Amino acid sequence: MIGGVHDVQMPGGAQAQAIVGLWHWLLPICVLVFVAVMIALGLALWRAPRASNDTAPDIASLSKREPKVTRVVIVAVAVSTLLLLVLLAVSVMTDRALAQLPLENALHIELTGYQWWWEARYDDPDPSRMFTTANELHVPVGRPVIVTLVGADVIHSFWVPSLAGKKDLIPGRDTTVSFRADRAGVYRGQCAEFCGYQHAKMALFVIADAPDDYARWADRQRAPAAEPSSDEARRGRDLFLARSCAMCHAINGTSAQARHAPDLTHVASRMTLGAGALENTSSNREAWILDPQQFKPGTNMPPQNIAPQDLAALSAYLASLQ
Amino acid sequence: MSAGSLSGLGSVASTQALRERARAIVGRGETMLDGAGFGSQAERALQQAWRDEPGLLGFLKTTDHKRIGRRFVCTAFVFFVAAGILAAVMRMQLAFPDNHIVGPDLYNQLFTMHGTTMMFIFAVPIMQGMAVYLVPLLVGTRNTAFPRMTACAYWLFLFGALSLWTGFALNAGADAGWFAYVPLAGPQYGVGKREDIWNNLINLSEAMGLMVAVDLLTVILKMRAPGMSLRRMPIFVWASLVTSLMIIFAMPSVMLAANLAQFDRTFGTHFFNPAEGGDVLIWQHLFWFFGHPEVYFIFLPGLAFVSSIIPTFARRPMFGHDAVVLSLIATGFLSFGLWVHHMFATNLPEVGKGFFTAMSLTIAIPTAVQIFCWIATLWTGRINLRTPLLFVLGFFFILVLGGLTGIMVGSVPFDLQVHDSYFVVAHLHYVLLGGAVFPLFGAFFYWFPKFTGRMLDEHLGRWQFWLFFVGFNVAFFPMHLLGLAGMPRRIYTYGAETGWGTLNLVATIGAAVIALSVLLFIVNVVHAWFKGPRADDNPWNASSLEWATPSPPPAFNFVALPVVASREPLWTREEDEPTHVSGLSAQTREGLVTTVLDAVPDVRYSYPDPSIWPFIAAITVVVWLFWSNMTETGMFYGLIPPAIAFVAWYWPTRKETVEQLLLERKP
């Protein structure tokens, strides 16, 4: 299952909730104005007499004023201005509400956007408790999260509609976004700033867990990769380290420490492959390794020429990276 | 007829003798003055003086604003259809989840080409083209102020457009979006020549825009018919004035940005490279400082079409003429205070963003004033419900809806949710198609008789309108919902699990209906062009000056330049007022310059003759740009041919010198 909630009108946290509150002002006022203008236009058409090309023009208005109509138009403009002021006030209030999200005891994450995947580093005052994962954030329900956004190559944009509005990841200018998930669940997000070839397949999943579940998940993420238990998985690990895999990917607890592609220390625990391109199953992992271009044309990972029994061993190893 | 030798000219002492000599060379007798009616000798003289050479050379040399304006409109419309076809391909790709009609590479080119073409090759040029055609007629003069510049602007625009599309045909279509954000469009991530070609197009199309703007500005301020004071100026002319001023302030910004980007690409400068102290956000500021006003210089002419059509078909002068004019001016100013609302998701200071929210809401007020004035005009008028008015009514529905979603996205917090989502795609199409294309079709139906001397078919027009109106709403309304459901823009595909499939399919069906409606319009135009009923001078019985001359107008527009005594000159002819100017030479291309505020006759003005040099100059400029993309040295050596062409352009000819002498003016 690679779904997840991604709807502006289905908020799962405080920030998105505040914006829905604003939407509930914007929508009725705008609908009201639209209907009023259409009724006025309809009435104007209905009541005005019909004419033809030859009807003599009525030029009286050039020489005399039309006070009645003028009054109506002035009132209409005044009412429009008043409504705009109301909307401006509500907008400013919402802005303040967003800025006033309580941030005590916040979880700090540094999220880096690459073409076309996300790297997340969970910060901790104790460096040994920091860990790195990719394309998937787990956050505890009810605890605020401050995400520092780093653009590594081109501009990307962080957008998880059910949790918070957008924030761009701009090379050379770090930005931050803060949000709080108030309901447990899977929230889908996607890069929202056009970032090149595979902009379409750059999803980000935010999984809001109960605080205890989150703590367990974080502890597991901090641990290095488990020592493979079967011979086949061990052979898979050796293949991983001997082949080109280790030139881009990192697996903690092994000598693979490259940072050009998603960290695979706990790859089997994630929902998707290729930033939402594929569901993360054993067979999909094998198909992805053989030819990632088939699922995400343009991705930086090249196709692998690998014998079937080697692929099976590699797959067994990756499956063990829970 | 033309000159033997002028060698003795310099040594002739007496002016009288000089004039005699000149007259002998040109071979004319008495100086013929204009001011008489059609069928007179003066008309024949005017025809002779304003004649274009026949054949290809005449086609390339012409400086007739009507021919050039028509070219602008036709060329831009061809590209409108082409960019529409790209949109249709995109809609087919998005009709179903995980569709495989086009891949990411082509899709990225498709939406970049669609946006770039619609904004730079369709919307701005067609609006300027309409103004080039209409403004000299509306203010009652013979041509634009700088006719050779008008011609050159068209050629620059044409070559820029062709080069962009040639690139696309050769798989070098720009693919970084119509906004070409760096670093994606920079040297490191925008490899190949795709973005070079895009930057060239920006240079060429913006040069075109600036040249036409300067030209129109001069016509409007200095060449109005005597008596047409600013307060009597038609609203369309006011809109052209405001738009031209906006273009002069906005377009240099994007040209600067494109050239800085091109320096980064060609010479390895680091204006936009954060690793070397550059800043990627500067691009966005420069781009949107142009990009937001651009929306309004597409939209203001649209509003002005509406203000031209409504009084004619409500059979009364515009209600609140002054309020509408002031609203146009206010919109022009305010539109420069909105650009940051395209950048709400960047890390600019929050307080600053609040200012741009306030401005984005404020600009709704002048538009509201105009909408209420139009409704009041219809309310108090007598309605002649023909196709042009039908398009205006469609405009009301769509523009008001798009304007209201514009107010929504003007609010920072809400925009953070829908920014770069399909909600914005819906909004911008409601505003731009509603605000510009619906009035434009109305304007086509309204002025087609003037352009061609033929009437478009009403019946087909109504079919076209209803198909367009229904198709448009079916195509674009669902996009609001898609945006709220989290669908980002510029994605070439989406998974079935997102649930976006159904609404996308509906949108695609709507797009097909739009295509059908545009096809009907083309059929209507082709049919009318050859077989449509003849139009008389003023088929709609309208009030402005373009209807005071035959349909289509002769090359010199008016046999006698009109004199204006009211805001609605053709509805309020008084017996005892002068109706026309006389005393300008009919044998040469002469016009009248009037004062800025009150249009009091000031001086006589000689229009330049047709010339091949604007065409050649445009070619040399295009060659220079592409040469400079290929090698750094091309940037410098490539400047030599344009320098030669521009000198030749301004080199006075013997015929011109002699004519100036005949008219007692120093050459």
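The values are calculated or read from the model by the stated rules, or taken from the named source; none is laboratory data. Model, not experiment: these values are computed from the prediction. Note that each Cβ is placed from the backbone with ideal geometry, even for glycine, and that neighbours are counted across all protein chains shown. Ligands, DNA and RNA are stripped out before the accessible areas are found, and what is left, the full protein with its side chains, is counted by its heavy atoms. Shrake-Rupley method; radii C 1.70, N 1.55, O 1.52, S 1.80 Å.
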Filter result for A:A242 (open to solvent by 40 Å² or more (accessible area, probe 1.4 Å) and hydrophobic (A, V, I, L, M, F, W, C)): yes
Residue list for segment B:384-441, restricted to those being touching a strand residue (DSSP E or B) at 6+ places or on another chain (Cβ under 8 Å), within 8 Å of chain A (Cβ to nearest Cβ) and closer than 30 Å to B:V525 by Cβ: B:N384, B:L385
Residues located in segment A:48-58, provided they are facing chain B (nearest Cβ under 7 Å) and either open to solvent by 60 Å² or more (accessible area, probe 1.4 Å) or among the acidic types (D, E) (or both): A:P49, A:R50, A:D54, A:D58
Tally, over segment A:83-137, of residues that are in a strand (DSSP E or B), within 23 Å of A:W159 (Cβ to Cβ) and in contact (Cβ under 8 Å) with a residue 24 or more places away in the chain: 17
Cβ pairs under 8 Å, 6+ apart, first in segment A:1-18 and without any contact (Cβ under 8 Å) to a residue 24 or more places away in the chain, second part of a helix (DSSP H, G or I): A:Q9/A:V20; A:Q9/A:W23; A:Q9/B:L484
Some residue of segment A:226-244 being more than 14 Å from chain B (Cβ to nearest Cβ) and within 30 Å of B:G192 (Cβ to Cβ): yes
Candidate set from segment A:291-322 (those that are assigned to a loop (DSSP other than H, G, I, E, B) and of a type in the set (G, A, S)); member that is surrounded by the most Cβ atoms within 10 Å (Cβ to Cβ): A:S320
In segment B:509-544, the residues that are open to solvent by 60 Å² or more (accessible area, probe 1.4 Å) and within 30 Å of B:P317 (Cα to Cα): B:P533, B:R534, B:D536, B:D537
Residue satisfying all of: in segment A:5-28; facing another protein chain (nearest Cβ under 7 Å) and either out of contact with any helix residue (DSSP H, G or I) (no Cβ under 6 Å at 6 or more places or on another chain) or not aliphatic (A, V, I, L, M) (or both); most open to solvent (accessible area, probe 1.4 Å) among these: A:Q9
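Conditions (1) crowded, with 21+ Cβ neighbours inside 10 Å; (2) closer than 30 Å to B:W339 by Cβ; (3) of a type in the set (A, V, I, L, M, F, W, C), marked per residue:
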| position | (1), (2), (3) |
| --- | --- |
| B:L385 | no, no, yes |
| B:I407 | yes, yes, yes |
| B:A426 | yes, yes, yes |
| B:F444 | yes, no, yes |
| B:L456 | yes, no, yes |
Search result, residues across segment A:196-225 that are among the aliphatic types (A, V, I, L, M), within 22 Å of A:A319 (Cα to Cα) and away from every other protein chain (no Cβ under 14 Å): A:I207, A:A218, A:A223, A:A225
Set A:G151, A:G113, A:G165: member being away from chain B (no Cβ under 11 Å), open to solvent by less than 40 Å² (accessible area, probe 1.4 Å) and under 19 Å from B:F344 (Cβ atoms): A:G113
Residues that are assigned to a helix (DSSP H, G or I), within 12 Å of chain A (Cβ to nearest Cβ), of a type outside the set (V, I, T) and touching a helix residue (DSSP H, G or I) at 6+ places or on another chain (Cβ under 9 Å), drawn from segment B:270-319: B:P274, B:W283, B:Q284, B:P311, B:F313, B:A314
Any hit, segment B:409-421, residues being farther than 25 Å from A:A99 by Cβ and either part of a loop (DSSP other than H, G, I, E, B) or open to solvent by 10 Å² or more (accessible area, probe 1.4 Å) (or both): no
Test for B:V392: is it farther than 18 Å from A:W25 by Cα, surrounded by fewer than 24 Cβ atoms within 10 Å (Cβ to Cβ) and in contact with a helix residue (DSSP H, G or I) (Cβ under 6 Å, 6 or more places away or on another chain): no
Selection count where residues are assigned to a helix (DSSP H, G or I) and within 14 Å of chain A (Cβ to nearest Cβ), scope segment B:476-503: 12
Those residues of segment B:321-345 which are surrounded by fewer than 22 Cβ atoms within 10 Å (Cβ to Cβ) and assigned to a loop (DSSP other than H, G, I, E, B), in sequence order: B:M343
In segment A:171-183, the residues that are open to solvent by less than 20 Å² (accessible area, probe 1.4 Å) and either among the small types (G, A, S) or farther than 26 Å from A:G12 by Cα (or both): A:P171, A:A181
Sole exception among (1) more than 7 Å from chain B (Cβ to nearest Cβ); (2) touching a helix residue (DSSP H, G or I) at 6+ places or on another chain (Cβ under 7 Å) for A:A76, by number: (1)
Checklist (1) farther than 25 Å from B:P449 by Cβ; (2) more than 11 Å from chain A (Cβ to nearest Cβ); (3) open to solvent by less than 20 Å² (accessible area, probe 1.4 Å); (4) aliphatic (A, V, I, L, M) applied to B:V506, failing item: (3)
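Residue-by-condition table, conditions (1) modelled with pLDDT under 95; (2) of a type outside the set (G, A, S):
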residue: B:A275; (1), (2): yes, no
residue: B:L286; (1), (2): no, yes
residue: B:G302; (1), (2): no, no
residue: B:F305; (1), (2): no, yes
residue: B:T331; (1), (2): no, yes
Residues being open to solvent by less than 50 Å² (accessible area, probe 1.4 Å), within 14 Å of chain B (Cβ to nearest Cβ) and touching a Phe, Trp or Tyr at 6+ places or on another chain (Cβ under 9 Å) - total across segment A:86-110: 5
Residues located in segment A:117-127, provided they are open to solvent by 20 Å² or more (accessible area, probe 1.4 Å) and under 24 Å from A:P292 (Cα atoms): A:W117, A:E119
Boolean, A:V186 is open to solvent by 40 Å² or more (accessible area, probe 1.4 Å) and under 27 Å from B:L94 (Cβ atoms): yes
Every residue from segment A:263-277 that is out of contact with any Pro (no Cβ under 9 Å at 6 or more places or on another chain), open to solvent by less than 20 Å² (accessible area, probe 1.4 Å) and in contact (Cβ under 8 Å) with a residue 60 or more places away in the chain: A:D263, A:H266, A:T272, A:G276
